[in-house]
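No value in this document is a laboratory result; all are computed from the given coordinates. All figures in this text were calculated on a predicted structure; none of them were measured in a lab. Here the Cβ positions follow ideal geometry from the backbone for every residue, glycine too, while neighbour counts run over all protein chains shown.
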Amino acid sequence: MGTLTWPTRLVAALAVASLVPHGAMAQGKRKAKGPILVAVDEVVVQPLNQTYPVIGRLVARRSGVVAARIGGPVAKINVDVGDRVGKGDVIASLVTDSLEWDRRLGQAEVAEAEAAVQTARARIVLLTQELKRLERLRRSAAFSQARYDDKRQEVAMANSAEAESAASLQRYRANLKLKEIALNNAAIRAPFGGVVSKRLTEVGSYLKAGDPVIALIDDKSLEIEADVPSARIAALVPGTTVTGDIDGASPVSATVRAIVPEENPLTRTRPVRFTPTFANGHANLAVNQSVTLSLPLGQGRDVVTVHKDAVINRQGKTLVFLVNGGTAEARFVDLGEAVGIRFHVLDGLEAGDKVVIRGNERLRTGQKVMTKEP
């Protein structure tokens, strides 16, 4: 991009002059008594980010059915549809009579196994003492090698019996732990905090392991999912920040978290997940609520822009008035798309130029002006 060459400026100035009637120019010269007060603005370089709207929806990162971990009849349901629960809250409970007595049976088995271990250890102590007495008689005439060998064998058998009793104790303790876990699982708890969306069973129903109890939605960990055209995916990378609004009212910003590598062959779109940052006041958000996102068409770039109030259209020509040394100078410009309240300048201006944005309606080239901030 560059300014117009000197011959081009001369032609432009003549063209500008031709846009103003000769009589009006003469009248302006007679009436002009001093500089005209105008407001100016600077031509600047700013980023240009082209966007396009995509309709997305709120989705929950955690939602699903809470199921029973063990079988049994339902004794109580503590929640209803719409209730909010916290992580670990008991949402329902099963009948625990048989589970409680089964746990007590397991405790008795453990106690019995512990007693068997103590008996085996006591027998080892007794046989070891007898073996030591026989060893002390080894140099006497009363020593019997056969009896000594038998006693050693009895000690070995006692050690083996003690190991067997210890293994049985471990087995009974593990069995008791499983029974305690089953009793604990009779209280069905929420695996995460959220809102109950459905009740899937009732009191008195018999549940098997894995049968559903309630449906739960975590509305505090919502994401945005949008189906983005495959041709536009290249402009989105994890970490890209975009803006949007919820139901056309509440603004929201979001960051690309993931691009799902699965394309819909009918719409040629791919799902993209965004992590939103909700402004204060976003309440009562719901899964599948509509969100409009402004996604970038491509990589952003820096462009030269001019304030829209500096642009004048006269007889199909687009021009602006520059201020140069206290004098107004008309300049034809070639403009592109709008960038907020400014226009992208394709040709005719450079960054740093001062253009008139107030009082430019009756200006002409060469007229003296005094500037002020807008």
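Data for the structure
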| quantity | calculated |
| --- | --- |
| Cα-Cα over 32 Å, subset of Lys76/Lys179; Lys179/Lys220; Lys151/Lys179; Lys220/Lys308 | Lys179/Lys220; Lys151/Lys179; Lys220/Lys308 |
| Long-range amide H partners of Asp219 with built H, under 5 Å | Val195 |
| Additional length obtainable on full extension of the chain from Arg84 to Glu100, 0.36 nm per residue less Cα span | 2.8 nm |
| For the range 222-230, Karplus couplings with θ = phi - 60° (6.51, -1.76, 1.60), whole Hz, Gly/Pro x | 8, 10, 10, 10, 9, 8, 9, x, 4 |
| Using alpha-carbon coordinates, inclination of helix 6-19 to the longest axis of the chain, degrees | 70 |
| Using alpha-carbon coordinates, inclination of helix 145-185 to the longest axis of the chain, degrees | 40 |
| Convex hull per residue volume in Å³, alpha carbons only, for the chain | 310 |
| Spread of Cα-to-Cα distances over 5 Å intervals beginning at zero, given as percent, for the range 214-275 | 4, 16, 24, 22, 17, 12, 5, 1, 0 |
| Residue-by-residue Karplus 3J(HN,Hα) for the range 72-80, coefficients 6.51, -1.76, 1.60, Hz, glycine and proline x | x, x, 6, 8, 7, 10, 9, 10, 10 |
| Pairwise label distance in nanometres, Lys354 with Ala39, each label 7 Å out on the Cα-Cβ vector | 1.6 |
| Centroid-to-centroid separation of the range 340-364 and the range 81-129 [C-alpha atoms, Å] | 86 |
| Descending Cα extents along the principal axes, the range 271-361, whole Å | 60, 28, 27 |
| Kirkwood hydrodynamic radius over Cα pairs of the range 98-185, then Stokes diffusion coefficient at 25 °C and 0.890 mPa s, in µm²/s | 161 |
| Exposed GluC sites (Glu not before Pro) absent: longest stretch of the chain, with sites in DSSP loops and at most 11 other Cβ within 10 Å deemed exposed | 1-201 |
| Residues whose placed amide H lies under 5 Å from that of Val38, excluding near-sequence neighbours | Met370, Thr371, Lys372 |
| Separation of alpha-carbon centers, the range 225-280 and the range 199-216, rounded to whole Å | 36 |
| Space enclosed by the convex hull of the alpha-carbon atoms of the range 38-96, per residue, Å³ | 251 |
| C-alpha long axis of helix 22-31 to longest principal axis of the chain, angle in ° | 90 |
